[in-house]
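The values are calculated or read from the model by the stated rules, or taken from the named source; none is laboratory data. No experiment lies behind these values; they were computed from the predicted model shown. Glycine gets a Cβ as well: all are built from the backbone with ideal geometry, and neighbour counts include every protein chain shown. Ligands, DNA and RNA are stripped out before the accessible areas are found, and what is left, the full protein with its side chains, is counted by its heavy atoms. Shrake-Rupley method; radii C 1.70, N 1.55, O 1.52, S 1.80 Å.
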Amino acid sequence: MYNTTEFLESYKKLEDWADSRYDEGISDIEQSHPDRKLQKELRYFRTVRNVLTHNPNGDDGKQLITLTDEFKTRFGKLCNSLMNGIGDIAVPFKDIYKRQLSDKVLPTINVMKERSYSYVPVMNGKKIWGVFGESTVFSIISGENAALMQENLEMLKIAKYITQYSPNCSYDFMGKSASIDDIRRKFSDAFAEGRRLDVIFITSTGDKNGDLDSLVTIWDLTSI
């Protein structure tokens, strides 16, 4: 059976985590977090915490709230969805379909079509040089440069069409220390700004200058 002391200790860890990332700690999350269900869950657990801390027993001296294993599981899921590192949802480096500047363009397009990929990171060693996507192909064709699409065409030859990073790009970067909630907020902030954000690349430095470690798409968040 889940006991009061264990829950209050876990809740204190959640409070400390929230205080380190939000100006007003848990209160900020309850009021402004993009996930309404998560807001509701936090309010519920804060109410339980307050009762167990300030008024655990009713008039008859019996404990007002009994903590069950189901309650423990539910609270654990909430904490995990906020505090856990991105390792649980990110696509690791070895599983990312990526191309080097020296790789051929047409085979890349074929793989993207087969696997329904919208974009592929183009690497310069272990660093992301740019992103090759559906828009890249459209730009080449609409610019009346379809003749470029030869069998031996390399990424380097179409470098000017490959999307380079800018603050308005459909991709962005974060560091390996990011939590799941940090990732969620990054996507939410982009949406609030009216910007399409398809993927967040996780690098050793948290920006375009670091070595690629993994990636997270908006769809990866649905797994939690």
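Summary of computed values
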read-out: Filter result for the condition that a residue is touching a residue at least 60 places away in the same chain (Cβ under 8 Å) and open to solvent by less than 20 Å² (accessible area, probe 1.4 Å), over M123, M112; value: M123
read-out: Qualifying residue in segment 57-73 (condition: of a type outside the set (A, V, I, L, M, F, W, C) and surrounded by 13 or more Cβ atoms within 10 Å (Cβ to Cβ)); value: yes
read-out: Tally, over segment 99-132, of residues that are more than 14 Å from I202 (Cα to Cα), assigned to a loop (DSSP other than H, G, I, E, B) and in contact with a strand residue (DSSP E or B) (Cβ under 9 Å, 6 or more places away or on another chain); value: 6
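Conditions (1) more than 23 Å from Q39 (Cα to Cα); (2) within 12 Å of the chain's Cα centre (by Cα); (3) open to solvent by less than 30 Å² (accessible area, probe 1.4 Å); (4) not hydrophobic (A, V, I, L, M, F, W, C), marked per residue:
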| position | (1), (2), (3), (4) |
| --- | --- |
| D182 | no, yes, yes, yes |
| R185 | no, yes, no, yes |
| F191 | no, no, no, no |
| V199 | yes, yes, yes, no |
| I202 | yes, yes, yes, no |
| D207 | yes, no, no, yes |
| G210 | yes, no, yes, yes |
| D213 | yes, no, no, yes |
| W219 | no, yes, no, no |
